[in-house]
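Peer 1: Next up is a structure, given as structure tokens.
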């Protein structure tokens, strides 16, 4: 399992519009590529010195090849929309993660 993690710091001036766009359009557009099985959006609970609110969106896929397909055929177009709408009011960085093993508490 590969997790494509995108962490985004969002300026308060666009926060509401950005959150609505992410929840109602962008994440669905990424999933519509057919390359990811699901996504999770989380709010980072640490306050940033630069201000704003930080979120992480994790997209799950079963292969590195699918992630590469996303980068090559979909990412430029989908990233461009966010830049056009919100310009320099959001700052994103991306991380690729590989699930090595999952652990659960004894009660689960």
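Read-outs: derived from the displayed coordinates by stated rules, not from any lab. Keep in mind the model is a prediction, meaning the values are calculated, not measured. Backbone-built Cβ (ideal geometry, glycine too); neighbour counts: all protein chains shown.
Peer 1: Is one or more of the residues making up segment 17-32 under 18 Å from residue 96 (Cα atoms) and in contact (Cβ under 8 Å) with a residue 40 or more places away in the chain? Spell out the reasoning first.
Peer 2: Here is the first cut: in segment 17-32, the residues under 18 Å from residue 96 (Cα atoms) are 27, 30-31.
Pick out the ones that are also in contact (Cβ under 8 Å) with a residue 40 or more places away in the chain and you get 30.
Checking segment 17-32: at least one residue is under 18 Å from residue 96 (Cα atoms) and in contact (Cβ under 8 Å) with a residue 40 or more places away in the chain.
Peer 1: To continue, here is another question. Loosely packed, with under 12 Cβ neighbours inside 10 Å, on the phi > 0 side of the Ramachandran plot and outside any helix (DSSP H, G or I): which single residue out of 107, 51 fits that description? So that I can check it myself, show each step before the final result.
Peer 2: Numbers: 107 fails: on the phi > 0 side of the Ramachandran plot.
Just one listed residue meets the conditions, 51.
Peer 1: Condition first: closer than 17 Å to residue 36 by Cβ and under 16 Å from the mean Cα position of the chain (by Cα). Now tell me which residues in segment 93-108 satisfy that. Break it down into steps so the answer makes sense when it comes.
Peer 2: Within segment 93-108, the first condition is being closer than 17 Å to residue 36 by Cβ, and the residues that meet it are 94-99.
94, 95, 96, 97, 98, listed by residue number.
Peer 1: Identify all residues within segment 1-10 that are closer than 17 Å to residue 47 by Cα and surrounded by fewer than 17 Cβ atoms within 10 Å (Cβ to Cβ); write none if there are none. Even if it seems obvious, please write down each step before you answer.
Peer 2: Applying the first criterion (closer than 17 Å to residue 47 by Cα) to segment 1-10 yields 7-10.
7 - this is the single residue of segment 1-10 that is closer than 17 Å to residue 47 by Cα and surrounded by fewer than 17 Cβ atoms within 10 Å (Cβ to Cβ).
Peer 1: Quick test for you: out of 25, 40, pick the one residue that is part of a helix (DSSP H, G or I), surrounded by 11 or more Cβ atoms within 10 Å (Cβ to Cβ) and out of contact with any helix residue (DSSP H, G or I) (no Cβ under 8 Å at 6 or more places or on another chain).
Peer 2: Numbers: 40 fails: part of a helix (DSSP H, G or I).
The unique qualifying residue is 25.
Peer 1: Still on this model: Quick one: in segment 54-91, which of the residues that are assigned to a strand (DSSP E or B) and touching a helix residue (DSSP H, G or I) at 6+ places or on another chain (Cβ under 8 Å) is farthest from residue 33 (Cα to Cα)? Step through it out loud before you land on a result.
Peer 2: Here is the first cut: in segment 54-91, the residues assigned to a strand (DSSP E or B) are 54-61, 90-91.
Right, trim to touching a helix residue (DSSP H, G or I) at 6+ places or on another chain (Cβ under 8 Å) and you get 55, 57, 59, 61, 90.
Values: 55: 22, 57: 16, 59: 12, 61: 11, 90: 23 Å.
Going through the qualifying residues, I end up with 90.
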